Amino acid sequence: MTSLLPRVLLGAVAASALLAGTAFAQDYPTQPITVIVPFSAGGPTDTVARLVAQAMSADLGQQVLIQNVGGAGGTLGAGQAAAAANDGYTLLLHHIGMSTAPSLYADLPFDSIDDFEPIGLITTVPMTIVARADFEPETLEELIPYIQENGEAVIYGNAGIGAASQLCGLLLQEALGAKMTEVPYQGTGPAMTDLLGGQIDMMCDQTTNTTNQILAGEIKAYAVTTPERVESLPDIPTAIESGLDLDVGIWHGLYAPAGTDQAIIDRLSESLQLALADETVASRFAELGTAPAPAEDATPAALAETLASQIELWRGVFESAGVAAQ
Amino acid sequence: MAVQASRNDLATAAIFVAIGGYFVLESLNYTLGTPLRMGPGFMPIALGSILILLGLVVAVGAFTHADPEEDRPFPWRGIALVLGTIIFFGATIRGLGFIPVVFLSALGTALASRENNPVSAVIIAVALTILCFVIFVLALGLQVRWFGPWLPF
Amino acid sequence: MDLFASLALGFSVALDPWNIFFCFIGVLLGTLVGVLPGIGPTATIAMLLPITFTLSPASALIMLAGIYYGAQYGGSTTAILINLPGESSAAVTAIDGYQMARQGRAGPALATAALGSFFAGSVSTLLLAYFAPPLARAALNFGPAEYFSLIVLGLLVSIALAHGSIIKALGMIVIGLLLGMVGQDIYTGQPRFTFGFRELFGGINFVSVAVGVFGIAEILRNLENEQTREVMVKKVKNLWLTKDDFKRIAAPVLRGTVLGALLGVLPGGGHILSSFASYSAEKRLSKNPQEFGKGAIEGVAGPESANNAAAQTSFIPLMTLGIPAHPVMALMVGAFILQGITPGPNVINDEPELFWGIIASMWVGNVLLVLLNLPLIGLWVKMLSIPYRILFPSIVLFACIGCYSINLNLFDIYAIAVFGLLGYLLIRFGCEPAPLLLGFVLGPLLEEHLRRAMIISRGDPTVFITRPISATLLALALAAVILALLPSIRKKRDEVFVEED
């Protein structure tokens with residue numbers, strides 16, 4: 001009730017901005033741009049956003065500010081971005097959650113496709129399949145039969161519903177055709193703590209969170225989940241190399257509210273491509289265990305296609321895993 | 001010995017039972033689960049029941065003693081204005097923007113005290129608006145609109 | 001590398017003039033923002049994070065660490081002066097600190113907090129330097145079963161937080177535990193007690209609850225009878241500690257430091273318990289337990305030291321294993337990564353200058369904090385002479401803006417009003433807010449660890465008594481209950497008449 005009035009008024013403002021949009025598009029941007037990150041400050045997505053925003057500021061000649069609107073698996077921030085004025089001054093940077101939210105949450109206040117204009121893909125963070133240091137299987141080839149044999153005796157941690165680590169775990173179980181015992185945590189940090197302490201057996205998580213532990217020999221890594229090996233972990237094979245059909249990465253995209261002027265979208269997409277070509281961005285991304293999306297992916301068309309296909313993919317995965325929308 | 005009951009304790013008991021009752025009733029909608037895999041309803045039902053029990057113990061204890069005599073009027077004006085202002089702040093911060101909302105909220109809260117008259121309340125409100133603006137918007141870089149979309153300019 | 005060489009390396013980094021400067025800026029900013037009601041260290045660091053991007057990694061992290069303990073310190077100042085804790089540990093300080101302030105002893109309370117924190121900070125910096133890796137290893141032996149037992153122990157000993165009825169204190173803890181369960185269940189994704197509002201999926205914001213039940217409730221209480229009741233302080237007696245005060249705080253500071261340093265190492269919620277545990281311990285050990293809750297200086301000295309010691313040692317799991325112990329540490333991870341360093345077991349070897357530099361800077365920061373805050377005590381105490389009719393609107397507004405700025409979630413603001421009213425009513429009827437707050441922060445942990453322990457043990461509840469650490473903790477909890485009940489059963493008849501005081 002309280003939020004209805006503002007939303008109606010915001011809608012009216014948005015509509016008037018739409019009419020005025022074309023006139024201002026060529027001067028864009030004339031004021032600072034706010035990028036909503038639907039997660040709290042300091043997390044992996046926030047880090048990606050801040051690195052890109054810094055580089056984009058340099059090109060656009062206006063500050064690109066990050067606004068963290070956390071909560072409800074990223075749907076609060078995305079909802080706020082969907083309702084924002086489509087004048088190009090409020091954008092959304094979201095990850096794979098954009099495609100899983102429609103299957104995980106009932107009555108979403110936004111539609112991932114209809115309420116946004118895609119600008120471009122930013123990066124796809126690879127995942128790693130890891131286990132406690134003294135876990136029996138040594139390689140992925142040994143791990144596959146081990147899980148198929150022991151099933152629910154294998155305890156695998158994740159960071160809760162919709163988290164990257166849960167998504168990867170779901171796909172892994174689907175690929176193996178076996179079920180493990182899932183233990184959710186409040187975030188990856190505590191899950192990693194229990195993995196290091198040997199309380200749980202396995203995890204599948206973003207390189208951002210695992211690279212350092214792997215390199216230090218604190219945990220065992222079996223495979224990375226992207227088609228290519230990861231630069232910072234050259235010795236870890238890909239899942240596909242080891243004969244497991246698993247391709248999952250945490251892709252990040254930049255969006256504007258629906259109805260944003262096409263000229264503005266093009267300008268932003270071009271700026272995003274420049275930012276991703278920036279050396280500092282590339283080297284920081286490498287330290288995170290990932291790489292900037294190539295220029296041809298940092299485009300509205302590529303992001304639109306990824307989003308649409310991922311929504312379909314996850315709908316199927318959740319359905320067969322029996323995860324219902326809340 | 002004491003015939004009178006402690007009203008404070010009875011009120012506490014009522015709050016305990018009410019809160020416990022709400023959580024138990026609402027939790028009945030959630031799965032209880034098994035010991036291996038406890039459902040979302042398990043802990044709230046257990047804790048809600050404990051709270052109801054504690055409420056009943058407090059209620060029984062209330063009949064053993066009376067409240068000490070004291071004159072404590074209920075601060076209706078304060079409750080209405082302070083809490084009202086907080087809700088007003090939440091309801092309008094996005095629509096009206098930082099400056100008008102902070103000014104009106106400061107005015108509203110200042111008037112909660114009978115020690116303030118309209119003139120002193122306005123002075124406090126102006127001063128606080130400036131102070132908050134400097135601290136939060138200028139110094140800390142809080143991202144809010146100074147004047148919100150509900151206003152014509 | 002031996003300890004002295006390492007520390008020498010660390011100090012060569014920390015004593016670099018630029019780094020001292022950034023350390024100072026950090027503790028100054030932290031103190032100032034921490035003093036603002038409604039903004040704890042998490043919000044402070046989140047807001048100030050962008051400032052550090054342009055600095056070198058060592059300077060940036062030294063400054064952020066400074067903001068962290070500066071804000072923690074500033075938060076205690078607000079708790080003492082206006083009964084407004086910005087985070088759970090400060091809630092404990094508020095119990096006796098605020099009473100001291102009302103008796104005109106705000107000066108000694110603030111000085112105690114400063115000195116206790118400084119001592120604890122110095123000792124735990126040494127601990128951090130000497131024992132970091134083995135301590136972090138030891139902490140990994142704590143699994144879900146151990147944490148569950150630790151939290152049960154913490155909850156049971158914290159009944160000592162109340163100075164009135166034990167039953168009411170238990171009730172408040174349970175209310176807190178229940179409120180902590182609001183939000184999306186992490187195991188099933190089921191939203192609980194959210195009334196269908198997506199804004200509540202992440203749970204109720206801690207700061208809103210704390211500001212409501214402490215700050216707003218106190219304001220409403222003061223508005224009850226403005227004309228006849230003296231709202232603020234009596235005459236300020238002295239700013240500094242007396243000889244007798246020094247005697248009284250020495251042992252609590254020492255005990256608090258040890259307790260806090262040990263609990264801070266546990267990444268699964270140990271630091272939350274530190275100040276509560278220290279308060280309970282001091283009350284139990286005191287010859288005059290009835291003074292607690294009415295302005296006992298030990299009730300400020302112990303928890304403040306424990307809290308600061310835990311704040312320092314909670315860097316141990318972060319810097320040696322790369323795992324954040326709490327939201328502030330998670331933010332620090334972000335800061336490390338933005339600086340191009342992934343925190344983890346390798347930092348100590350790959351970046352010894354950074355690792356030891358940060359540790360040494362913590363000591364430098366503690367020195368700066370004391371130098372900065374002791375002179376400020378006079379100023380803070382003067383602030384209490386601002387007429388209450390001006391002070392309380394400022395508190396309300398700062399609280400609203402502060403809470404909103406954390407997540408831009410409107411429900412965080414509405415929650416202040418709801419918990420202000422609930423807190424006011426409960427306090428009026430003779431309940432105390434501190435146990436509620438403890439329950440609120442521990443509720444989700446209690447449930448999480450219980451359910452996790454049961455899943456991992458495959459539904460076998462004996463796991464809590466077959467694992468030695470867990471069994472010891474539960475035995476201690478049992479002993480605490482028996483100890484608490486024995487005298488109270490004996491005194492029951494008299495207590496009925498005094499508990500309303």
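Just one of (1) more than 9 Å from chain C (Cβ to nearest Cβ); (2) free of Cβ contacts under 8 Å to residues at least 12 places away in the same chain fails for A:Pro190. It is (1). One residue alone among A:Thr188, A:Thr226 is polar (S, T, N, Q), closer than 30 Å to C:Val463 by Cα and either within 20 Å of the chain's Cα centre (by Cα) or assigned by TED's automatic domain parsing to the domain that holds A:Trp314 (or both), and that residue is A:Thr188.
Could you pull out the residue among A:Ala282, A:Ala295, A:Ala286, A:Ala221 that is without any contact (Cβ under 8 Å) to a residue 40 or more places away in the chain, within 14 Å of another protein chain (Cβ to nearest Cβ) and among the aliphatic types (A, V, I, L, M)? Quick ask: steps written out before the conclusion?
Numbers: A:Ala295 fails: within 14 Å of another protein chain (Cβ to nearest Cβ); A:Ala286 fails: without any contact (Cβ under 8 Å) to a residue 40 or more places away in the chain; A:Ala221 fails: without any contact (Cβ under 8 Å) to a residue 40 or more places away in the chain.
Just one listed residue meets the conditions, A:Ala282.
Filtering segment A:216-240 to residues that are open to solvent by 50 Å² or more (accessible area, probe 1.4 Å) and out of contact with any strand residue (DSSP E or B) (no Cβ under 9 Å at 6 or more places or on another chain) leaves A:Gly217, A:Glu231, A:Pro234.
Buried (at least 21 other Cβ atoms within 10 Å of the Cβ) and modelled with pLDDT of 85 or more: which single residue out of C:Val211, C:Val207 fits that description? The unique qualifying residue is C:Val211. Suppose the filter is at pLDDT below 85, more than 8 Å from every other protein chain (Cβ to nearest Cβ) and more than 17 Å from B:Val58 (Cβ to Cβ); does B:Val3 pass it? In short, yes. Checked against (1) in contact (Cβ under 8 Å) with a residue 60 or more places away in the chain; (2) open to solvent by 50 Å² or more (accessible area, probe 1.4 Å); (3) not in a loop (DSSP other than H, G, I, E, B), C:Ile173 meets all criteria but (2).
With respect to B:Pro35, is the statement that it is under 30 Å from A:Met180 (Cα atoms), facing another protein chain (nearest Cβ under 7 Å) and in a loop (DSSP other than H, G, I, E, B) true? Working first, answer last.
Values: under 30 Å from A:Met180 (Cα atoms): yes; facing another protein chain (nearest Cβ under 7 Å): yes; in a loop (DSSP other than H, G, I, E, B): yes.
Yes; evaluated as a whole, the condition is true for this residue.
Tell me yes or no: at least one residue of segment B:51-64 is modelled with pLDDT under 85, crowded, with 17+ Cβ neighbours inside 10 Å, within 17 Å of C:Cys431 (Cα to Cα) and facing chain C (nearest Cβ under 7 Å). Looking through segment B:51-64, none of the residues is modelled with pLDDT under 85, crowded, with 17+ Cβ neighbours inside 10 Å, within 17 Å of C:Cys431 (Cα to Cα) and facing chain C (nearest Cβ under 7 Å).
A quick yes/no check of all residues on (1) open to solvent by less than 10 Å² (accessible area, probe 1.4 Å); (2) over 23 Å from C:Ile175 (Cα atoms):
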{"position": "C:Leu397", "(1), (2)": "yes, yes"}
{"position": "C:Cys400", "(1), (2)": "yes, yes"}
{"position": "C:Ile406", "(1), (2)": "no, yes"}
{"position": "C:Leu436", "(1), (2)": "yes, no"}
{"position": "C:Leu445", "(1), (2)": "no, no"}
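Residues of segment C:295-313 being in contact with a His (Cβ under 9 Å, 6 or more places away or on another chain) and within 18 Å of C:Pro85 (Cβ to Cβ), which ones? Correct list: C:Asn307, C:Ala310, C:Ala311. Apart from one condition, C:Trp18 fits all of (1) under 22 Å from the mean Cα position of the chain (by Cα); (2) open to solvent by 30 Å² or more (accessible area, probe 1.4 Å); (3) farther than 15 Å from C:Val207 by Cα; the exception is (1).
Of everything in segment A:210-251, what is assigned to a helix (DSSP H, G or I) and under 24 Å from A:Lys179 (Cβ atoms)? Give them in sequence order. So that I can check it myself, show each step before the final result.
Applying the first criterion (assigned to a helix (DSSP H, G or I)) to segment A:210-251 yields A:210-215.
Scanning segment A:210-251 gives a single hit, A:Thr210.
Residue by residue through segment C:87-143, note down the ones that are basic (Lys, Arg) and modelled with pLDDT under 80. Walk me through it before giving the result.
Of all residues in segment C:87-143, those basic (Lys, Arg) come to C:102, C:105, C:137.
Selection gives C:Arg137 alone.
Here is the figure for segment B:84-93: residues that are of a type outside the set (Gly, Ala, Ser), surrounded by fewer than 23 Cβ atoms within 10 Å (Cβ to Cβ) and at the interface with another protein chain (Cβ under 9 Å from one of its Cβ atoms) total 2.
Every residue, every condition in (1) within 13 Å of chain A (Cβ to nearest Cβ); (2) among the hydroxyl-bearing types (Ser, Thr, Tyr), yes or no:
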position: C:Phe131; (1), (2): no, no
position: C:Leu153; (1), (2): no, no
position: C:Ser165; (1), (2): no, yes
position: C:Lys168; (1), (2): no, no
position: C:Gly180; (1), (2): yes, no
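Taking segment C:411-429 as the search range and keeping residues that are open to solvent by less than 30 Å² (accessible area, probe 1.4 Å) and at the interface with another protein chain (Cβ under 7 Å from one of its Cβ atoms), which one is nearest to B:Gly55 (Cα to Cα)?
If we take residues in segment C:411-429 being open to solvent by less than 30 Å² (accessible area, probe 1.4 Å) and at the interface with another protein chain (Cβ under 7 Å from one of its Cβ atoms), then C:Leu426 is nearest to B:Gly55 (Cα to Cα).
The listed residues are C:Ile390, C:Ile386, and the only one of them that is over 17 Å from C:Arg102 (Cα atoms) and either in contact with a Phe, Trp or Tyr (Cβ under 8 Å, 6 or more places away or on another chain) or surrounded by fewer than 21 Cβ atoms within 10 Å (Cβ to Cβ) (or both) turns out to be C:Ile390. The sole residue among A:Asp107, A:Asp114 that is over 18 Å from the mean Cα position of the chain (by Cα), outside any helix (DSSP H, G or I) and at pLDDT below 85 is A:Asp107. Whether a residue is open to solvent by less than 20 Å² (accessible area, probe 1.4 Å), within 19 Å of C:Leu110 (Cα to Cα) and aliphatic (A, V, I, L, M) was assessed, and C:Val35 does not pass this test.
So that you can scan it fast, the table gives a plain yes or no per residue for (1) facing chain C (nearest Cβ under 7 Å); (2) in a helix (DSSP H, G or I); (3) under 22 Å from the mean Cα position of the chain (by Cα):
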| position | (1), (2), (3) |
| --- | --- |
| B:Asn8 | yes, yes, yes |
| B:Ala13 | no, yes, yes |
| B:Phe16 | yes, yes, yes |
| B:Leu25 | no, yes, no |
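The values are calculated or read from the model by the stated rules, or taken from the named source; none is laboratory data. For clarity, every value in this text was computed on a predicted model and none was experimentally measured. Neighbour counts are summed over all protein chains in view; Cβ atoms, including those assigned to glycine, are modelled from backbone coordinates with ideal geometry. Just so you know, the surface numbers come from the protein's heavy atoms only, side chains and all, with ligands and any DNA or RNA stripped out. Shrake-Rupley method; radii C 1.70, N 1.55, O 1.52, S 1.80 Å.
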